[in-house]
Amino acid sequence: MKKERPSKEETKTFILAETKEGGKLDFFTKIKGIEYNGSQVKPGLFMTNIELALYSWGKANADLGVENIETALLIFTEYKGAELSDREKEIIPMGYRNDLKINHR
């Protein structure tokens, strides 16, 4: 039996709901107050907690079938309720493409 894929709107609704505090895509609550602390994610590669959270969120969007990076950025803009920073515009697409080949959640 073949399972139907959720619609784009259903996927967006799920992502927005699960990005809120306590949700499956809430990579942000647990780092409050330590967003700019860093850690090594691969030999020679260090990222701040907020960069890692944004990367993980972008990757989760790709894993959930969001059709492209632009759509993921629009969803995050809606979640944030404000214009994205240059860093957010850089890191979320990196996660969406899984550029660093890291699996951190």
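The values are calculated or read from the model by the stated rules, or taken from the named source; none is laboratory data. Every value quoted in this text rests on a predicted model; they were computed, and no experiment measured them. Note: ideal-geometry Cβ built from the backbone for every residue, glycine included; neighbour counts use all protein chains shown. Calculation scope for accessible area: heavy atoms of the full protein, side chains included, ligands and nucleic acids excluded. Shrake-Rupley method; radii C 1.70, N 1.55, O 1.52, S 1.80 Å.
Summarise the accessible area of the chain (1.4 Å probe, protein heavy atoms) by the percent that is carbon and sulfur. C and S atoms contribute 53 percent here. Full extension of the segment from E83 to I31, taken as 0.36 nm per residue of separation minus the current Cα-Cα distance, would add 16.6 nm.
As a test of the formula, what do you get for the chain when each DSSP H run with n ≥ 4 contributes -39,500 (n - 2.57) and the sum is divided by the residue count, at 222 nm and rounded to the nearest 500 deg cm²/dmol?
-15500 deg cm²/dmol
The HN-Hα couplings worked out from phi for the range 38-49 by the Karplus form 6.51 cos²θ - 1.76 cosθ + 1.60 (θ = phi - 60°) are x, 8, 7, 9, 8, x, x, 10, 10, 9, 6, 4 Hz, whole numbers, x standing for Gly and Pro. Listed values for the range 70-85 are Karplus-derived 3J(HN,Hα) couplings in whole Hz (6.51 cos²θ - 1.76 cosθ + 1.60, θ = phi - 60°), namely 4, 5, 4, 5, 5, 5, 5, 4, 5, 4, 6, x, 7, 4, 7, 6, and x replaces Gly and Pro. The relative contact order of the chain, computed from alpha carbon pairs under 8 Å that lie at least 6 residues apart in sequence, is 27 percent.
Sorted by accessible area (1.4 Å probe), largest first, how do M94, M47 line up? Intermediate results must be reported in sequence, preceding the final value.
Numbers: M94 40, M47 10 Å².
Largest accessible area first, the residues go M94, M47.
Applying both filters, DSSP loop and at most 16 other Cβ atoms within 10 Å, to the GluC sites (Glu not before Pro) of the range 2-105 gives E4, E21, E35, E67, E83.
Over the chain, the pair-distance histogram of Cα-Cα distances with 10 Å bins from zero comes to 15, 48, 29, 7, 1 percent, rounded to whole numbers. Accessible surface computed residue by residue for the chain, with neighbouring protein chains in place and a 1.4 Å probe, gives 64 Å² per residue.
Considering only I34, I50, I69, the mean-square fluctuation computed in a Gaussian network model of the chain, springs between alpha carbons under 10 angstrom, is largest for I34.
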